[in-house]
Amino acid sequence: MLTFEDRKKIVLQLADSQAQLISTSFPMIGSIFMNKERKEYEIGPLAPPVRIEPPRLRKGPWKTARDEMKCGIEDHMEDLRRDPHAVLSWRRGENVDFSPSTISAYHALNSGILTLIENVKLIDRCDDSWCPFALSHPDLTRNNVLVDYDPTRVLALIEKVPMLGRGELDLAFIREEETQPCSPTEELEWGQLRDVWDTVLQRGYPPGLSALHAKIGWFISRLSLLVELGSAAWSSLEDTAETIASWRSDWPEPYPAFKQIDEFLTLHGLSPSVEYE
């Protein structure tokens, strides 16, 4: 059993690693390659997919987050059009989806996300002075952290590290623990660890980052995550709706770009409190 000080030691190491990643800066989104002729690194198309991913053309690099996300969601929509039953069969075979899912529901969700990507003006409010593309580790769970025989000594992080805009980055294993029943003392400790995480992580952000910038970054990172996962990997339509509703509530106005997403939420009993003319 790890003590509070043990946990704090681990969090400090993870936060420092994440801060170093997000302090990077790139002009485009893609994969980093070594140019053997120039003997320098450069950004090129996405690397070939790993074995568990569907084969895709190597696309990119992209100059804007909008272009990269649009390409990603259009790929998922094409997968669904080409062989929709294969997508649903995979989900049910893996016990991923326990809801009465339909092809039309996935089409509606993908279409709503594409409309949001193409039209939401929040993406345009990320100016290059504070939100260049950076590296980040989006999934810091126990499964992705390698430790020494001394479990408080972090040796390495695994999982692919995407290049995205700087958003709010979370410590996944703290979030996992917070969902478990715990004593008031444990709740206080997890809260203190989250403060430690947030304090160290700030080192990776450019100076002068406003609350609005952080909020927009959070919105874009959640939208990018939905695109990255794709319809075949979402846990269920209901869970996806709840995820969307959580960050939709931060922007409680009837923006036209959100209209299809709001209709999707309404169908799943999570109608946002907005009215369209």
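Between M34 and E238, the modelled labels are 5.1 nm apart [label points 7 Å from Cα along Cα→Cβ]. Each of D250 and D75 was given a label point 7 Å from its Cα along the Cα-to-Cβ line. The distance between the two points is 2.5 nm. When peptides 25-33, 246-254 are ranked by their average number of other Cβ atoms within 10 Å per residue, the highest-first order is 25-33, 246-254. Subtracting the Cα-Cα distance of T64 and D83 from 0.36 nm times their residue separation leaves 3.9 nm of extension gain. Projecting label points 7 angstrom from Cα along Cα→Cβ for R203 and K121 puts them 3.9 nm apart.
Quick note: the coordinates plus some simple rules give every number you see, no bench work behind them. Computed from a predicted structure; not experimentally measured. Counting neighbours? That spans all protein chains shown, and the Cβs are built from the backbone with ideal geometry, glycine included.
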